[in-house]
Amino acid sequence: MSRIGRMPIAVPSGVTLSAQDGVFKVKGPKGELTVPYNSELTIKQDGDTLLVERPSDQQRHRALHGLTRTLVANAVKGVSEGYTINLELKGVGFRAKMSGKALELAIGFSHPVIIEPPAGVSFAVPEPTKIDVIGIDKQLVGQVAANVRKVRKPDAYHGKGVRFVGEKISLKAGKAGATGGKGKK
């Protein structure tokens, strides 16, 4: 058995579920999500837990078992707690602010960069150098955060740019000639 696939999923109070014809629907206090899954697998509710079961030990069913369980667990957590990804800006004069629902970034270009959030995702700027991407769909929140980071990736020489909080950037050494004249004769 798949170690991930056989783990039960805890269902918090206030969350309603339904699984029919390859579509898993979950509704909670934060919103509603639908997750498509292979209809050969079964999703059973046992009290306040969910179990994902596979029909056989074929390689295809084993591969789908853990994937389906993880997607269902992410949806249940998303509608009950939600997801937040934190980004930070490093660089002189780099700052972010909200412009309505849109995110406005001043990150070293001659113009401000404005990013509109897709449906189901919102931005928050607790400090001028901090950005929070908030939503209930884990995949969508991660993709939007990656798109914000892609606007100005961290520089390999100085570390300036948009990065995830806690992300380690290994800096390159720079030019050898700048170390004090080594190599001159």
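The values are calculated or read from the model by the stated rules, or taken from the named source; none is laboratory data. Owing to the predicted nature of the structure, the values given are computational and were not obtained by experimental measurement. Quick reminder, even Gly has a Cβ in these numbers, built from the backbone with ideal geometry, and neighbours come from all protein chains shown.
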- Count, please, the residues in the range 132-151 that happen to be under 11 Å from the mean Cα position of the chain (by Cα), among the aliphatic types (A, V, I, L, M) and loosely packed, with under 15 Cβ neighbours inside 10 Å. 1
- Among residues of the range 105-131 being under 17 Å from the mean Cα position of the chain (by Cα) and among the small types (Gly, Ala, Ser), the residue surrounded by the fewest Cβ atoms within 10 Å (Cβ to Cβ) is Ala119
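Table: residues versus (1) part of a helix (DSSP H, G or I); (2) assigned by TED's automatic domain parsing to the domain that holds Asp137; (3) within 16 Å of Lys138 (Cα to Cα).
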site	(1), (2), (3)
Ala19	no, no, no
Lys30	no, no, yes
Val35	no, no, yes
Ser39	no, no, no
Lys44	no, no, no
Ser56	no, no, no
Arg60	yes, no, no
Thr68	yes, no, yes
Ala96	no, yes, no
- Note on the structure: Residue set Gly14, Gly5; condition of a type in the set (Gly, Ala, Ser), touching a residue at least 60 places away in the same chain (Cβ under 8 Å), surrounded by 12 or more Cβ atoms within 10 Å (Cβ to Cβ) and not in a strand (DSSP E or B); output residue Gly5
- When Gly108 is run through (1) free of Cβ contacts under 8 Å to residues at least 40 places away in the same chain; (2) in a loop (DSSP other than H, G, I, E, B); (3) more than 17 Å from Lys30 (Cβ to Cβ), the failure sits at (1)
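Identify all residues within the range 135-157 that are of a type in the set (Asp, Glu) and closer than 25 Å to Gly174 by Cβ; write none if there are none.
Pass one, the range 135-157, residues of a type in the set (Asp, Glu): 137, 155.
Correct list: Asp155 only.
State the number of residues belonging to the range 93-104 that are of a type in the set (A, V, I, L, M, F, W, C) and surrounded by fewer than 19 Cβ atoms within 10 Å (Cβ to Cβ). Don't jump to the end; show me each part of the working.
So in the range 93-104, the residues of a type in the set (A, V, I, L, M, F, W, C) come out as 94, 96, 98, 102-103.
From what's left, surrounded by fewer than 19 Cβ atoms within 10 Å (Cβ to Cβ): 94, 98, 102.
Going through the range 93-104 one residue at a time, the tally reaches 3.
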- Message: Return the residues of the range 160-174 that are surrounded by 14 or more Cβ atoms within 10 Å (Cβ to Cβ) and outside any strand (DSSP E or B); say none if nothing qualifies.
- Response: Lys160, Ile169
